[in-house]
C-alpha cells in the first residue's frame, strides 16, 4: 500500500481538499502526554481505574455461562436503545441504589459515557449556542461539544463544586437575548478534575434555576459510587421533578472500562432524539457486553463490588492527601475529595504547570495533568490534576514526595524552563 | 420521574428550543417497518445474519479462556485506534485472505462498520460537498452522511454494480467548479441493496477515474466474504496504488453482529483525522471484544468459519432465486446475486412497493423492504429488497410463493390501497 507516501508526498493537497472540520478536532493533551510516560514514571496523569477493582474471575466465569445460555441473542444485532432485559435490571439497580425511578423508554445504553456526551452535543448544540460549564470541567466533554461550536459560559468552582450563584448571574444576563443558556453541563459528585461534591442546598438551587430560567441540566456521574462518606447528597436526577435533568453514567469505574457500556436517563421525548442519533452512529451497543452486565446486576455482584471498590480508592485518596499534607509547600492549595479519582492543586500564579511537567518527568519521574485543558476559557495554567486511581498507596506516597520537590523548586524559581523544553524537542 | 409528562405537557417548547438538527435525523424506514413484523410473518426485511453462522460454542469457550489470560488488559481502557495485538492479527488475516497489505497505523478498529461510515462523514463532509453514491445504495450510509448535509450525486447501477461510465460524466461536469466530487461511496461486492458485483474492469476504471479526477473512494465491504463463486474480483483496496481507497468492513457477517467490531484501512494520514474523531465519540473500542476476535483470528477459526458460512448462504440464495424463477410474474425483474444477502426486484412502474407492503403483511404475512429509501434521489418507489440471510430455505420458498401472489395481484391492479392504509392507521 504505497499510498501513504503518495498522498503525503506528491499530492498532499488531496487531503487538505478532502478534510472537513478537522480544525475542531484536537487530540487530548492528556493523551499526548500519556505517550511520554514510561514504566519507571509514577503517573498521576491518567484516570484509569485500578484493575484490582475489576470483576472477580469466578463471577466472570458465571457470567460467561449466562452469555452462553443466551447465545443466539448475545451475538445477534440488538436494538439501538439497548437490550430490554438489561435495561430492566439497570432500572432496578438505579431504584435500589440511586433513588432514581425510570421506565424502560427513559433509559438508553451507550458506548461508555463518552458516547452519551457526544450524542448530546450532536442532538442539542447549534453553532453559537450557549452552554454553561464549570471552570474547570471534564476535558473530553469540551472536546466532544467543540465539534458543534457552542459558546461556553464558564462558571467558577469552589471547594463545593460549581458556584450556582454565579451561574444565576450569567443565566439572568442572557435570558432575554436571542441565545439564552441552553444547558448546564455539571459533574456534581467527584467532579473531574477537582474531586469536589456539590452540597444538597446547591443542588436544589441549581434545579430551581433550571426551572425558573428554562434550561436543561446534563448531570455527568461517572464517580457517583466512588464515594468516601455516608453523607453524600442525592443525585440531581433523583431530585428532578420536571424532567430537566439528563443523567449520564458509566460502568467503567464500578465494573470495568473494557466493556465500554454507559447509559443515559432522560424523558422519553428527549430519548427519541438521542436514539435516532445513536442509530446512525453505531446502530446499537454490543449485546454480548450487555448480557455480561445484566448478569452482574441480576446477581447483585455489582452492588457488592461497589462496597469493595470504595475501600480501595479511599485508601488511595488517604495516601495522597496525607502525603500532600506532609510534603507540599505552603503556597500550594488543593481540594480534599470525598468522591472520585482526583485531587486538584492550585500553585502560585507565576507557575505554568505545563512547562513544569517536562521537568517533573525528566528529573523526578512523576507525571500529572496540567489543569489548563479543563478550563474552557483558557485559564488555569497554574493548576494540576492528580489522579490517585491507578498507583498503589506506596507509589502514591513516593510520587507525591517527588512531585512536592518539583513544586518547591518551582516556587523558589529555581527551574530553567528553556533548557528543559529544548531538551524535550 | 413525572418529568416526561411535564415536558410534553405544560412546556413542550423546552424541547423545541433545545433540540438542534433533528430535522436531519430520521428513523430508518426499515427499522420502523421491522417493528410491525410479528412472529407469524416470513420476513425478507432485515439484514441480520443467521445465528447458525455464529462462532461455535467450544471455540467461544476457548476464547473466554484467552480473555481470562489477558484479564487485566481486556477489562481496562484501550487505545482509540484499537488493540495493537488484535490489529496485527487482522493485518495478517487481510494479507492471507484479501490481498490487502497494511501497516499498524493504517488500520483502525470501529464499533461496527456503522461507526466507520459515521466518522468518515464527520471528518470529511462539509455542507454542500458533492458525494457520489449508487442509485440505489445502503440506506444507513445515507442516514449517517445526511447529518452533514452533503449534496448527493446519484449514479445509476446496472446488474454489474455502479455505472462507472456515468460516474465519469458527472465527475467531468463538476471538475472545474468550486465543488468537485469529493468522494464516491461504493459497495463493490454483494452491493446493498442489489446484491451485484462490480467486475474487475469496472473496478480498474473506477480507480483510474479517482486518480485522474482527484477524488477518494470509500469501499464498504461487509459482504466481501459472503461470496458464491470462485471468480470474485479483488477488492478495490487490493488494487489501490495511490492510497485513494478508504476500505471499511465488519465482523458482523463473518463472526457475529453482537460483538460490534468493524475496521477501516486507509493511509496513516487519513487515519490521524479519523482517530481524533473517534476519540471524542467513543474513546476506544472495547478491549474485551477485540481479544475475543484476536483469538479467532490467531487460531484461524474465522478463516474456517467463512468457508462454512458461504455454504449456508449459498443454499439460501439458491432457494430464493429458484422460487422467484418459479413463482414471480413475468413483468418483474430482479438481480441474481453472487455475493451478499440480497435480491433486488424491479416491479412495473405503476406499483408503489411501500403501499403494497401493508397488503403483503396483512394478507400474505410476508415482509420486505421497499426500495425507495435506498435511492438518494427519492426514486425507486417500484423496487423492493429481499433478504435471504435469516429465514431457513423452506421458509424462503414459502415466503417467495406468498410474495409472488401479492405482486401478481398488484400487477393485475386488483388491490385497493386506500382500504388497506386506512385499516393500518
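Could you list all residues from the stretch B:134-153 that are in a strand (DSSP E or B) and closer than 15 Å to residue B:218 by Cα?
The answer is B:134, B:152, B:153.
Considering only the stretch A:140-148, I want to know if a residue exists there that is more than 10 Å from chain B (Cβ to nearest Cβ), surrounded by 19 or more Cβ atoms within 10 Å (Cβ to Cβ) and in contact (Cβ under 8 Å) with a residue 12 or more places away in the chain. Explain how you work it out, then say what you get.
Going residue by residue through the stretch A:140-148, those that are more than 10 Å from chain B (Cβ to nearest Cβ) are none.
No, the stretch A:140-148 has no match at all.
Okay, residues lined up against (1) assigned to a helix (DSSP H, G or I); (2) closer than 25 Å to residue B:97 by Cβ:
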position: B:238; (1), (2): yes, yes
position: B:249; (1), (2): no, yes
position: B:277; (1), (2): yes, no
position: B:309; (1), (2): yes, yes
position: B:317; (1), (2): yes, yes
position: B:325; (1), (2): yes, no
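Check the stretch A:386-408 and report whether any residue there is assigned to a strand (DSSP E or B) and in contact with a strand residue (DSSP E or B) (Cβ under 8 Å, 6 or more places away or on another chain).
yes
For residue A:62, state whether it is more than 10 Å from every other protein chain (Cβ to nearest Cβ), free of Cβ contacts under 8 Å to residues at least 12 places away in the same chain and not in a loop (DSSP other than H, G, I, E, B).
In short, no.
May I ask you to verify whether residue A:321 is in a helix (DSSP H, G or I), under 26 Å from residue A:134 (Cβ atoms) and outside the structural domain of residue A:158 (by TED's automatic domain parsing)? Quick ask: steps written out before the conclusion?
Values: in a helix (DSSP H, G or I): yes; under 26 Å from residue A:134 (Cβ atoms): yes; outside the structural domain of residue A:158 (by TED's automatic domain parsing): yes.
So residue A:321 fits the description; yes.
I'd like the full set of residues that are at the interface with another protein chain (Cβ under 7 Å from one of its Cβ atoms) and in contact (Cβ under 8 Å) with a residue 24 or more places away in the chain, limited to the stretch B:79-102.
B:102, the sole residue that qualifies.
Is it true that some residue in the stretch B:373-382 is free of Cβ contacts under 8 Å to residues at least 40 places away in the same chain and in a helix (DSSP H, G or I)? First the steps, then the outcome.
First, the residues of the stretch B:373-382 that are free of Cβ contacts under 8 Å to residues at least 40 places away in the same chain: B:378, B:381-382.
Filter again for in a helix (DSSP H, G or I), leaving none.
No, every residue in the stretch B:373-382 fails to be free of Cβ contacts under 8 Å to residues at least 40 places away in the same chain and in a helix (DSSP H, G or I).
Residue B:229 passes all but one of (1) part of a strand (DSSP E or B); (2) over 23 Å from residue B:294 (Cα atoms); which number fails?
The failed condition is (1).
Scanning the stretch B:39-55 for residues that are assigned to a loop (DSSP other than H, G, I, E, B), out of contact with any strand residue (DSSP E or B) (no Cβ under 7 Å at 6 or more places or on another chain) and in contact (Cβ under 8 Å) with a residue 40 or more places away in the chain, which turns out farthest from residue B:190 (Cα to Cα)?
It comes out as B:40.
What's the total number of residues in the stretch A:227-247 that are over 23 Å from residue A:306 (Cα atoms) and either in contact (Cβ under 8 Å) with a residue 60 or more places away in the chain or more than 10 Å from chain B (Cβ to nearest Cβ) (or both)?
Residues that pass the stated criteria total 1.
Kindly indicate whether residue B:357 is in contact with a strand residue (DSSP E or B) (Cβ under 9 Å, 6 or more places away or on another chain), modelled with pLDDT of 95 or more and within 30 Å of residue B:378 (Cα to Cα).
no
May I ask you to say which residue of B:128, B:134, B:154 is within 22 Å of residue B:232 (Cα to Cα) and in contact with a strand residue (DSSP E or B) (Cβ under 6 Å, 6 or more places away or on another chain)?
Criteria check complete, one pass: B:134.
Which one is nearest to the other protein chains (Cβ to nearest Cβ) among residues in the stretch B:103-133 that are in a helix (DSSP H, G or I) and surrounded by fewer than 23 Cβ atoms within 10 Å (Cβ to Cβ)?
Taking the candidates together, the pick is B:123.
For the stretch A:253-260, does any single residue satisfy the condition of being part of a loop (DSSP other than H, G, I, E, B), within 9 Å of chain B (Cβ to nearest Cβ), in contact with a helix residue (DSSP H, G or I) (Cβ under 6 Å, 6 or more places away or on another chain) and modelled with pLDDT of 95 or more?
Yes, the conditions are met somewhere in the stretch A:253-260.
Report yes if some residue within the stretch B:154-173 is within 8 Å of another protein chain (Cβ to nearest Cβ), in contact with a helix residue (DSSP H, G or I) (Cβ under 9 Å, 6 or more places away or on another chain) and assigned to a helix (DSSP H, G or I); otherwise report no.
Taking every residue of the stretch B:154-173 in turn, none turns out to be within 8 Å of another protein chain (Cβ to nearest Cβ), in contact with a helix residue (DSSP H, G or I) (Cβ under 9 Å, 6 or more places away or on another chain) and assigned to a helix (DSSP H, G or I).
Do we have residue A:145 as in the same structural domain as residue A:97 (by TED's automatic domain parsing) and over 23 Å from residue A:373 (Cβ atoms) here?
For residue A:145, the condition - in the same structural domain as residue A:97 (by TED's automatic domain parsing) and over 23 Å from residue A:373 (Cβ atoms) - is not met.
When residues of the stretch A:280-291 are filtered for being in contact with a helix residue (DSSP H, G or I) (Cβ under 7 Å, 6 or more places away or on another chain) and touching a residue at least 60 places away in the same chain (Cβ under 8 Å), how many remain?
8
Which ones in the stretch A:250-294 are more than 23 Å from the chain's Cα centre (by Cα), within 17 Å of residue A:88 (Cβ to Cβ) and crowded, with 24+ Cβ neighbours inside 10 Å?
Matches in the stretch A:250-294: A:287, A:291, A:292.
Please work out if residue B:179 is modelled with pLDDT under 95 and either touching a strand residue (DSSP E or B) at 6+ places or on another chain (Cβ under 9 Å) or not in a loop (DSSP other than H, G, I, E, B) (or both).
yes
Consider residue A:372 carefully, then state whether it is in the same structural domain as residue A:38 (by TED's automatic domain parsing) and either buried (at least 21 other Cβ atoms within 10 Å of the Cβ) or out of contact with any strand residue (DSSP E or B) (no Cβ under 8 Å at 6 or more places or on another chain) (or both).
So residue A:372 fails the test.
The values are calculated or read from the model by the stated rules, or taken from the named source; none is laboratory data. Worth saying up front: this structure is predicted, and the values here are computed from it rather than measured. We place every Cβ from the backbone using ideal geometry, glycine too, and count neighbours over all the protein chains shown.
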